[in-house]
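A short worksheet on the structure shown next.
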Amino acid sequence: MGTPLVVITGASTGIGRQLAHEFARHGFDLVLTADDDLLDTTVEEVGARGTRVRGMRADLATYAGTMELAERLDALERPVDVLILNAGVGAGGPFAGQTSLHDQLRVVDLNVAGTVHLAKRLLPSMVERGSGRLVVVSSTVAGLPGPYQATYNASKAFVSSFAAAIAVELRGTGVTVTTVLPGLTDTEFFARAGLRNTKLGALSFKDDPVRVARQTYAAVVAGRAHVVTGPAYNWLFVLAGRLLPDRLLARVHRVFSAPGSARDPVVG
Ligand SMILES: NC(=O)c1ccc[n+]([C@@H]2O[C@H](COP(=O)([O-])OP(=O)(O)OC[C@H]3O[C@@H](n4cnc5c(N)ncnc54)[C@H](OP(=O)(O)O)[C@@H]3O)[C@@H](O)[C@H]2O)c1
């Protein structure tokens, strides 16, 4: 058997970048994807570990960009052993106020459509081979309606439901599906989503993406259906999302996600 191959989307920064290091540490060959120049730096950095790493730039918020990536992966003529659908963005702010439709739709296009598109393109060959691992990065907020993050939380509800459903469809095929539910993690996410002036953005006790990557790796290798990363209390968010009424959850979420809610907004 040859060296296994992992494909990681959103691998230039944050959780995806640390997942790349983690899989490299365990001897995988890697294809890393993202949409800007930072990807080259990550590819170089991960390649310094002595593994084979290839970068493929693609805008996964577009149908054409996602299709092009899928075609480039086909052209490798190598089975993808692990597919990690991690690329994601948020768009903070009042939905009916000064947020752009473009930004709101990009959340849906990347987090939802990009995830479905790549899974649909790559899963059939895994099923045909009778082996493979699909990993979908969702969030502990998947069960919480998120005022001022409405499309983001809804996108995570979608991917969690989607992954849980196909996991059952794929039982007995040799292909596993792992849903990853990170809690607040210290990455570029909050700045990119315009959340720096919120409590969510400013909270200092965020999880280390290195730890998130290690926990994810262990869960994927074990073929677990889901993993809640970070400290044990992150489970409370998941349980709350299952047990409490939406209206209450949304009101609590608003305290943390309302623009200007940070006592000490993050500067820079
Ligand atoms: N940080 C948290 O607290 C947290 C909590 C729960 C779940 N998550 C989820 O974890 C995943 C990773 O987020 P992160 O926290 O690591 O954030 P991050 O540091 O901002 O990383 C996001 C990644 O997605 C890529 N990306 C963004 N737009 C893209 C596009 N149009 N096409 C292709 N790639 C694109 C980014 O690369 P380019 O910009 O270079 O393209 C980057 O590599 C996301 O799905 C996020 O929703 C994060």
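The values are calculated or read from the model by the stated rules, or taken from the named source; none is laboratory data. Note that the structure is a prediction, hence the values are computed from the model and not measured. Please note: Cβ atoms are built from the backbone with ideal geometry, for glycine as well, and neighbour counts cover all protein chains shown. To get the accessible areas, we keep the full protein, side chains included, count just its heavy atoms, and leave off ligands, DNA and RNA. Shrake-Rupley method; radii C 1.70, N 1.55, O 1.52, S 1.80 Å.
Summary table below
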| item | result |
| --- | --- |
| Cα gyration tensor shape for region 1-146, rounded if a/c is under 1.5, else prolate or oblate | prolate |
| Within straight-line cross-link reach of Lys206, aspartates and glutamates at Cα separation under 15 Å, skipping those fewer than 8 residues along the same chain | Asp186, Glu188 |
| Relative contact order, percent, region 184-228 [alpha-carbon distance under 8 Å, six or more residues apart] | 35 |
| Using alpha-carbon coordinates, inclination of helix 150-169 to the longest axis of the chain, degrees | 40 |
| Reduced Cα scattering model of region 5-257, Debye log10 I(q)/I(0), q = 0.11, 0.16 Å⁻¹ | -0.55, -1.21 |
| Square roots of 5 times each gyration tensor eigenvalue, C-alpha, region 67-145, largest first, Å | 31, 15, 8 |
| Long-range amide H partners of Ala262 with built H, under 5 Å | Thr198, Lys199 |
| Rounded FRET efficiency, nearest 0.05, which uses the C-beta distance separating Arg25 from Val127 and R0 of 25 Å | 0.30 |
| Nearest 10 degrees, 0 to 90: helix 209-221 Cα axis against the chain principal axis | 50 |
| Those aspartates and glutamates that a straight Cα-Cα span of less than 12 Å connects to Lys199, excepting residues fewer than 8 apart in one chain | Asp264 |
| Structure-based [θ]222 nm, the chain - -39500 (n - 2.57) summed over DSSP H runs of at least 4, per residue, nearest 500 | -13500 deg cm²/dmol |
| Amide hydrogen neighbours beyond the local backbone of Val31, cut-off 5 Å, H modeled | Val6, Val7, Ile8, Arg54 |
| Relative contact order for region 5-257, counting Cα pairs under 8 Å that sit 6 or more residues apart, in percent | 20 |
| Unit charges on C-beta of K, R, D, E only; dipole of the chain, Debye | 860 |
| Relative intensity, log₁₀ I(q)/I(0), of region 113-268 from a Debye sum that treats every alpha carbon as a point, q = 0.19 Å⁻¹ | -1.21 |
| Percent of Cα pairs exceeding the 21 Å cut-off, where the set is region 181-268 | 41 |
| Degrees, to the nearest 10: 63-75 long Cα axis against longest axis of the chain | 30 |
| Accessible area per residue in Å² at 1.4 Å probe, computed on the chain | 48 |
